1. If you go through the stretch A:278-300 one residue at a time, do you hit one that is of a type outside the set (D, E, K, R) and away from chain B (no Cβ under 14 Å)?
2. Take the conditions surrounded by 18 or more Cβ atoms within 10 Å (Cβ to Cβ) and among the small types (G, A, S) and apply them to A:A41. Does it pass?
3. Is there a residue being outside any strand (DSSP E or B), at pLDDT 95 or above and crowded, with 19+ Cβ neighbours inside 10 Å anywhere in the stretch B:284-298?
4. Can you tell which of A:A24, A:A71 is in the same structural domain as A:L96 (by TED's automatic domain parsing) and surrounded by fewer than 21 Cβ atoms within 10 Å (Cβ to Cβ)?
5. Restricting to the stretch B:165-192, and then to whatever is more than 16 Å from B:V143 (Cα to Cα) and touching a Leu at 6+ places or on another chain (Cβ under 7 Å), can you tell me which residue is surrounded by the fewest Cβ atoms within 10 Å (Cβ to Cβ)?
6. Consider B:T257 carefully, then state whether it is under 20 Å from the mean Cα position of the chain (by Cα) and of a type in the set (V, I, T).
7. Are any of the residues in the stretch A:315-331 small (G, A, S), part of a loop (DSSP other than H, G, I, E, B), facing chain B (nearest Cβ under 9 Å) and surrounded by fewer than 24 Cβ atoms within 10 Å (Cβ to Cβ)?
Protein chains: 2
Amino acid sequence: MSIGENRSIRVVQYGLGPIGQGAAKLILKKAQSGQLELVGAIDIDPEKANKTLGSLVDASSDVIISSDAEAVLAKTQPDVVVHTTSSFMPQVEQQLLQCIRSGAAIVSSTEELPYPFDRYPVITKTLDSAAKENGVAILGTGVNPGYAMDVLALVATGVCTRVRSVTVQRRVDAGLRREPLQKKVGAGITVDAFQKRQAKGGFGHIGLVESLRLVMHGLGWPIERFTEELEPVISERKIETPYLTVQSGRVAGIKHTAQAFMNHKAVVSLDLRMYVGADQPEDRVIVDGDPPINLVVEDGIFGDTATVAALVNAIPQVLSASPGLRTVADLPVPRCFLPEV
Amino acid sequence: MSIGENRSIRVVQYGLGPIGQGAAKLILKKAQSGQLELVGAIDIDPEKANKTLGSLVDASSDVIISSDAEAVLAKTQPDVVVHTTSSFMPQVEQQLLQCIRSGAAIVSSTEELPYPFDRYPVITKTLDSAAKENGVAILGTGVNPGYAMDVLALVATGVCTRVRSVTVQRRVDAGLRREPLQKKVGAGITVDAFQKRQAKGGFGHIGLVESLRLVMHGLGWPIERFTEELEPVISERKIETPYLTVQSGRVAGIKHTAQAFMNHKAVVSLDLRMYVGADQPEDRVIVDGDPPINLVVEDGIFGDTATVAALVNAIPQVLSASPGLRTVADLPVPRCFLPEV
């Protein structure tokens with residue numbers, strides 16, 4: 001197949017929340033190269049259905065948003081679906097299967113998809129088999145999981161003769177991010193409310209354990225056991241963001257950590273802090289190895305833009321990947337796709 | 001094929017200079033995992049031939065070093081050859097062909113091999129065809145070219161929606177490196193001697209243009225034209241290394257730069273400074289893009305260890321790559337192979 005050479009890549013955008021809208025807008029921009037085109041848009045929200053995509057994302061596109069995924073897929077026959085609907089595997093399984101059965105490859109922002117093999121063995125097997133049967137690759141990616149705390153960690157070890165441990169520290173100033181993310185980290189709520197929400201589960205950053213598993217898998221290390229901990233970061237001053245106010249003593253955001261153990265030693269440690277008012281945002285990978293590696297993205301990677309970029313940049317990669325459920329550790333080194341938009 | 005699962009990977013080390021000895025030593029260490037074994041060693045130096053590899057690299061190995069490559073390859077039937085003999089394509093073409101025809105994949109430190117397509121179209125075609133005929137992949141890699149100024153640059157753009165330009169700055173303290181590298185950068189010689197040596201060619205860092213081409217290729221940017229410049233870094237004080245002395249006013253090392261242009265604009269700029277007494281070694285990638293990325297390896301990547309690591313870490317990657325002449329941009333994200341030696 002010579003998609004992208006002889007003809008353009010046909011893309012359907014599935015899910016039009018903030019990330020999906022960003023992806024659609026970026027795909028429309030990159031479509032100016034003639035190397036890809038946005039042929040369909042799906043969202044279950046009745047408020048969005050039947051509008052043009054152009055009107056929703058402030059760009060030029062006559063594509064009509066539809067809530068009927070099956071009809072869009074059948075009619076547009078996409079090469080690839082950019083899927084941005086939910087964080088959790090059980091909620092996306094049927095959506096992904098529908099895309100796969102239409103013969104489309106998938107790049108998805110579902111945070112549990114980058115490494116679902118251990119947590120969801122049955123769903124994984126179903127998706128992997130369906131993808132192989134239909135000759136397409138599917139991939140979960142984004143900035144985190146998918147890059148900052150897993151791909152960068154693996155890349156940092158690529159010039160080491162040995163590795164004793166890997167530590168990844170991500171510091172995000174949630175005050176600079178979109179509103180859903182500020183709410184997701186609990187900015188502004190009381191510690192009591194934080195703990196109640198935490199007890200209900202599904203709170204905090206989704207995908208940290210997926211990054212942990214990706215790094216362990218990439219290094220060929222079996223996970224003996226792992227720990228995961230979520231705690232609030234308390235604000236010591238009043239902070240105002242464009243969307244909310246955090247009073248002093250209230251929750252500014254989260255400190256979310258995970259560690260994987262081998263031979264009773266923590267060998268991979270992930271430490272994510274996302275809070276309003278973070279002092280020095282940065283992404284840091286520390287490899288205790290030979291040579292030691294201290295890899296830093298100064299000022300951090302700006303998440304909203306980066307997630308959209310990671311998804312769209314993965315389009316050519318899933319199209320040339322071997323069929324099945326792939327991970328970012330299987331694919332070629334990431335790079336910007338069609339950099340001049 | 002399930003090399004590494006059902007049976008160990010058979011490796012031949014071809015070339016036993018400092019990097020080759022380092023690679024052999026590392027392979028012998030990693031062989032303790034049972035996942036690979038060093039089955040043969042080749043060097044043309046009669047001083048080394050007929051000794052055991054163990055005696056040369058201070059490790060446990062009864063492998064007899066031989067100058068007869070053909071005999072070693074035929075007898076040992078390696079899965080992969082780690083090749084570390086020369087920087088230049090014309091000098092390695094026959095050696096690589098011999099390995100390929102024996103059915104072995106190759107990881108080579110030849111600095112012109114990471115992206116030889118434009119500079120050596122004929123040799124490239126010959127090697128690529130032979131590799132495909134024999135069902136093996138061949139790869140040129142190392143820390144530089146192969147990682148610091150190309151793979152890291154591409155990885156840094158992986159979360160960008162657009163890229164206007166990429167700048168890579170590598171600062172190496174040559175005083176901490178092995179003697180041949182100190183001599184290679186001209187440490188201690190006069191400016192006059194530097195210029196004479198420069199006029200003769202083949203001086204300075206080999207592989208900078210290969211990194212430049214790799215980055216442009218990875219980003220899908222055609223090279224309109226490129227520039228390359230080599231100049232001496234002059235020492236402002238007397239510096240002593242374990243191997244030599246640099247008087248004040250003499251050459252401390254090199255500043256080697258290359259730029260690729262598109263639409264009359266420098267879009268990829270590489271700036272390598274390797275000199276004795278370098279103040280703040282570091283590897284830095286600056287992406288002028290959305291979002292902007294400033295990726296730094298603090299204190300730099302220690303080159304001698306890292307090159308050996310990059311070669312050995314690429315072994316499983318070439319074994320699972322599709323046949324032909326591959327580049328580091330085609331292969332999965334690098335990571336440490338068998339990290340616990």
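The values are calculated or read from the model by the stated rules, or taken from the named source; none is laboratory data. These numbers come from a predicted model, not from an experiment. Cβ: placed from backbone, ideal geometry, glycine included. Neighbour counts: every protein chain shown.
1. Scanning the stretch A:278-300 turns up at least one residue that is of a type outside the set (D, E, K, R) and away from chain B (no Cβ under 14 Å).
2. The answer is yes for A:A41.
3. yes
4. One residue alone meets the criteria, A:A71.
5. B:G188
6. Considered against the rule, which asks whether it is under 20 Å from the mean Cα position of the chain (by Cα) and of a type in the set (V, I, T), B:T257 comes out as yes.
7. yes
Quick grid of which residues meet (1) in contact with a Leu (Cβ under 6 Å, 6 or more places away or on another chain); (2) in contact (Cβ under 8 Å) with a residue 24 or more places away in the chain; (3) surrounded by fewer than 17 Cβ atoms within 10 Å (Cβ to Cβ):
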{"position": "A:V63", "(1), (2), (3)": "yes, yes, no"}
{"position": "A:S67", "(1), (2), (3)": "no, yes, yes"}
{"position": "A:K75", "(1), (2), (3)": "no, yes, yes"}
{"position": "A:S87", "(1), (2), (3)": "no, yes, yes"}
{"position": "A:I100", "(1), (2), (3)": "no, yes, no"}
{"position": "A:S108", "(1), (2), (3)": "no, yes, no"}
{"position": "A:E112", "(1), (2), (3)": "no, yes, no"}
{"position": "A:R119", "(1), (2), (3)": "no, yes, yes"}
{"position": "A:L127", "(1), (2), (3)": "yes, yes, no"}
